[in-house]
Amino acid sequence: MTHSFFRMLLVAGATSALAHSAAFAQAGGEAAIETGASYSSLRGGLAFIGVSADDLLGSGLDFRLGYQAGEDGEALSATTSKTFSFGSTALGEDTFARATLNARTSDWSSQAYALETYRASVEVGAETLSGFRYTGRLFWQQDSVDDFSDDVSPLAAIPLDASTAVGLGVGLGYSTFTAQGPMATGFDVRGNFALATSAGDREWASSEIAAQYNAGLPMGLVLAMQAEAGKIEGRNGDSVSIVDRAFIGNPMPRGFAYTGLGPRDFVEGSVDTALGGNEFVTSSIELRVATPNPDITVAGFADAGALWGLDEVTGGASGTIDDSYFLRTSVGLSLYWDSAFGLLQLNIAKPIDKRDTDQEERVSLNLNFQF
């Protein structure tokens, strides 16, 4: 399931981006080319190329175009946004308003169908004097699902044709981080709540909270801890669609492929479909050690995660789907290299608590470069 249109855009973008980036910077703000690659012991290699421009041609618009392709499939995304800054107002410091348009199409073998999504949002936010951040937004989203693979579950093979979700959301956050990188220290917490209303085809309510704490220890060590949890529920009799459910896996918890754990319809040799879940939780604790090379950090970690809860569990190819809570765990080693071009991260993980149908990913490598 691939699209030649993706490849044409990739070739055109790769050959013209270098010439255009200088023009973008001269006529407006900054522009950059981003390239990257990743490797998974389960799904093989994946390459990425993107072009970004801030204040495109002096218009005040920010633009991002990205393309990913690999053995597992391909995806194309484009985002444009316009931000209005108001400084200090009655709402707080650094008050802003932002309008964003996004389009994304993906066709991965691991998701068993092709997905096309369009989004539009208007967001207003500010920061208080104490560093507390908050935002409010209105959103519109349209999803289409088709081109199902041969091994798709009957619970997932439900076409969506321009199905919409329309609603509002609130975001809250606080952070004491003043630097980036694996050895940075600080505390960060953020939460989001969204409500899809009867103005769209799908009605649901979702909430999510995440926290991270990096503490400096003696001998130059850093203890990094993070956790995240979320839940979505259908409203007014609606079931939660597969496009709105959560999926977890690499990068968290490591040792499991993305979409590789949680409720799954599996029949040996014929059906293998990740169904996602309505609730999830992940956590990680990692001890990081600086090396004589200041750009290289090594770490040992222990991760955990669970994904559970479906509105419909009967009618699968394997019978009734097991959507119960089951905590997966893993341990491993990570290497971070902050190169002149970007960050490289290598993970070697061993799953400890797992289920037979989980998809393991014991080795993963991510490289991101920006020019």
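Dipole magnitude for the chain: computed about the Cα centre from +1 point charges on Lys and Arg Cβ and -1 point charges on Asp and Glu Cβ, it is near 880 debye. Model label points for Arg119 and Val267, set 7 angstrom from Cα along the Cα-to-Cβ axis, are 3.5 nm apart.
The ratio of the alpha-carbon radius of gyration of the stretch 96-221 to the globular-protein estimate 2.2 N^0.38 Å is 1.40. Selection among Gly171, Ser41, Ala196 by position relative to the dipole of the stretch 4-370 gives Gly171 as farthest towards the positive end (Cβ unit charges, Cα centre). Comparing Pro351, Met225, Thr282 along the charge dipole axis of the chain, the residue lying farthest to the positive side is Met225, per the Cβ-charge model.
Here the spin labels are modelled as points 7 Å beyond Cα on the Cα-Cβ line, and at Lys231 and Ala340 they lie 5.1 nm apart.
Which of these, Glu127, Glu268, Glu208, has the largest mean-square fluctuation under a Gaussian network model of the chain (Cα springs below 10 Å)? In this elastic network of the chain, the residue with the biggest mean-square fluctuation among Glu127, Glu268, Glu208 is Glu268. Spacing of the modelled spin labels on Leu168 and Glu93, each 7 Å from Cα toward Cβ, amounts to 2.8 nm. Available extension along the chain between Ile352 and Ile158 is 66.4 nm, counting 0.36 nm per residue and deducting the alpha carbon span.
For the stretch 43-124, applying the loop criterion from DSSP together with a ceiling of 13 other beta carbons within 10 Å to the GluC sites (Glu not before Pro) yields Glu71.
FYI, it's all coordinate maths here, none of it is from the lab. Just so it is clear, the structure is predicted and the values come from calculations on it, not from any experiment. All Cβ positions, even for glycine, are placed from backbone atoms using ideal geometry, and neighbour counts span all protein chains on display.
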